Structures are given as C-alpha cells and as structure tokens.
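Structure first, commentary second.
Read the figures in this text as sums done on the coordinates, not as results from a lab. The shown structure was predicted, so the numbers you read here are calculated from the model rather than taken from an experiment. Cβ sites come from the backbone with ideal geometry, for glycine too, and all protein chains shown count toward neighbours.
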Amino acid sequence: MANPNIKPLGDRVLVKPLEEKEISKGGIIIPDSAKEKPQEAQVVALGTGKRDDDGKLVEFTVKVGDKVLVSKYGGTEVKVEGESYTIMREDDILGIIG
C-alpha cells in the first residue's frame with residue numbers, strides 16, 4: 001500500500017478502508033451502491049499527537065499498520081490519486097483487530 005503524502009494533525013489518524021467481499025454467500029454480486037461502508041481499516045499515518053492538560057504529549061494507542069475497527073460514518077473521507085482514505089480522531093477508532 002502506497003503511503004499518500006498526507007500528515008494528519010493532532011490526535012487524528014489516516015486509515016485506508018479495507019475492501020469488503022463483493023459476492024454474498026449465496027453467490028449474488030452486490031453492487032457498490034448497496035454495500036455498507038467498510039468497518040475495517042488499516043492505519044496508514046498518525047498525527048502529531050495531542051497534549052493533556054499539563055502539556056504532556058499523549059502517545060497513540062494505535063500504530064501504522066494496525067488493522068482497526070472504525071465507526072461506519074466517522075471521520076472525513078479523502079481521495080488521493082484515486083485511492084480512498086479516511087481521516088479520523090483516534091477516539092473514533094473502536095478497537096484494534098487481532
């Protein structure tokens with residue numbers, strides 16, 4: 001996966017949604033318009049970090065390469081060179097898979 005030239009700021013994380021399977025269990029091909037947004041994504045880049053009330057930098061829980069579970073409609077979608085990415089706050093990541 002190519003790393004886009006985007007550096008998130010603050011506690012934001014850049015993720016690449018992982019593709020869902022395009023054929024249902026019954027063999028029916030599902031058109032893009034009927035698919036739900038992917039809930040699984042891979043972390044591509046981390047922001048600059050946020051600071052707590054004392055000014056101390058808070059470390060990220062996720063790291064680049066982590067496969068994560070994200071809320072369906074969280075974050076902001078961006079397209080870079082035809083590839084879709086989402087920029088979201090680390091708090092919008094529901095969990096790390098695996």
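The protection proxy used here, the mean number of other Cβ atoms lying within 10 Å of each residue, ranks peptides 41-48, 12-19, 89-96, 58-65 as follows, highest first: 12-19, 41-48, 89-96, 58-65. Over all directions, the projected convex hull of the C-alpha atoms in the range 53-98 averages 4.6 nm² in area. Residue-wise HN-Hα couplings along the range 75-88, as the Karplus relation 6.51 cos²θ - 1.76 cosθ + 1.60 with θ = phi - 60° gives them from phi, are x, 10, 7, 9, 10, 10, 6, x, 9, 8, 9, 10, 9, 9 Hz; Gly and Pro carry x.
Starting from the Cα-Cα distance between ARG51 and ILE96, subtract it from 0.36 nm times their residue separation and give me the gain in nm to one decimal. Don't skip to the end; give the middle numbers.
Numbers: separation 45, 0.36 × 45 = 16.20 nm, distance 2.24 nm.
14.0 nm is the gain from fully extending ARG51 to ILE96.
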